[in-house]
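Report on the structure given below.
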């Protein structure tokens, strides 16, 4: 089994159209399951004109078979026009439940899963990527000329989580007059061709076309000529295989265990260095200090170290707090984030913006960001120093 995601940062760029077309084309090559992962804003069932009910029982979920070699799941077939708004955990649990208990018409183990994921890039996307970590072969990014910066953010987000981009599709790129053949760039000149070259991804343009509208009205019974390239993407996806666990990866797991055992000492050492290497008076002058900050480091969603400290206003020094009845600010970071910061691949601020470092506490999420990210950079360096050279390469 393998999977591919179709994504965009901005809504309304034709993401679901490309996902539906890719699912149809892939089904001509191998067993395919098209999953509308946009649970609270589903419209794949409308594009494909699928109206049948999905039967859900305690033991199974009946998956719709909408064509030869093509199965389909959408919350729209359950909600039937009702509004849906769910928390991330519930959102992901539904999709996991579908894969575990679904009664598929195709052989799931031999299938490719095509996920039409929600627009944007929130914790939902993080969980969906994590859910597919062993099967994901890549992503198709859909954008339009007026959304260049959104496309850049989408690609950077995928890169952050190690997801390769297979293709960049620039929809609504132009309108071509049927009488004179002249192209009109209604939303501006296409902007993403160079961006696709930089990441060695395929690049395609989709025009504004009445043929596409007609094809959607007919449930994509035939893929319109304007989407010819979907066949090329399907060919590539059919050949791709998910990465298997390497010997280096296995060594990396052992390296993580060593780091976990020494990480608390590394954090304490880092805090001591902060007192000698940072001018903490500047932070006191800015109003920080006095409150207790708890730092927690996690790995694979498990806590591996936790420590409390505060910035002493009188001495302008970081002081470790052995026991705290009240914690004013709670900062949580992943071991992966610390490794990336130490390797200078990202900054602590990048990790915060991508949710790899989270900050809780009144006025803390933004107000103390500069102070906390400076501290985290030092902690990252110290933790990374505990890794052997090969472990640094792996993690």
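The values are calculated or read from the model by the stated rules, or taken from the named source; none is laboratory data. Keep in mind that what you see is a predicted model, and the values were worked out from it rather than measured. Cβ: placed from backbone, ideal geometry, glycine included. Neighbour counts: every protein chain shown.
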- request: May I ask you to verify whether residue 106 is surrounded by 14 or more Cβ atoms within 10 Å (Cβ to Cβ), under 19 Å from residue 25 (Cβ atoms) and touching a helix residue (DSSP H, G or I) at 6+ places or on another chain (Cβ under 6 Å)?
  value: no
- request: Report yes if some residue within segment 219-233 is under 25 Å from residue 123 (Cα atoms) and part of a loop (DSSP other than H, G, I, E, B); otherwise report no.
  value: no
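Which of the residues spanning segment 1-17 are in a helix (DSSP H, G or I) and in contact with a helix residue (DSSP H, G or I) (Cβ under 7 Å, 6 or more places away or on another chain)?
The answer is 16, 17.
Filter segment 146-155 down to the residues that are in contact (Cβ under 8 Å) with a residue 40 or more places away in the chain and surrounded by fewer than 21 Cβ atoms within 10 Å (Cβ to Cβ) and list them by number. Before you say what the answer is, go through the steps one by one.
Restricting attention to segment 146-155, the residues satisfying the condition of being in contact (Cβ under 8 Å) with a residue 40 or more places away in the chain are 146-148, 150-155.
Passing the criteria: 146, 148, 150, 152, 153.
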- request: Take the residues in segment 47-75 that are assigned to a strand (DSSP E or B) and over 19 Å from residue 221 (Cα atoms), then tell me which one is modelled with the lowest pLDDT.
  value: 56
message: Criterion first (touching a residue at least 60 places away in the same chain (Cβ under 8 Å) and either buried (at least 16 other Cβ atoms within 10 Å of the Cβ) or under 26 Å from residue 356 (Cα atoms) (or both)) does residue 124 satisfy it?
response: no
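Within segment 76-97, how many residues are under 21 Å from residue 49 (Cα atoms) and assigned to a helix (DSSP H, G or I)? It would help to see each step written out before you state the result.
Step one: of segment 76-97, the residues under 21 Å from residue 49 (Cα atoms) are 76-84.
The next check asks that each one be assigned to a helix (DSSP H, G or I); those that pass are 76-79.
So the answer is 4.
Of the residues that make up segment 157-165, is at least one in a strand (DSSP E or B) and either outside the structural domain of residue 350 (by TED's automatic domain parsing) or in contact with a helix residue (DSSP H, G or I) (Cβ under 7 Å, 6 or more places away or on another chain) (or both)?
yes
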query: Out of 287, 291, which single residue is at pLDDT below 80, within 16 Å of residue 360 (Cβ to Cβ) and in the same structural domain as residue 373 (by TED's automatic domain parsing)?
result: 291
statement: Residue count, segment 186-198, condition in a loop (DSSP other than H, G, I, E, B) and surrounded by 16 or more Cβ atoms within 10 Å (Cβ to Cβ), comes to 4
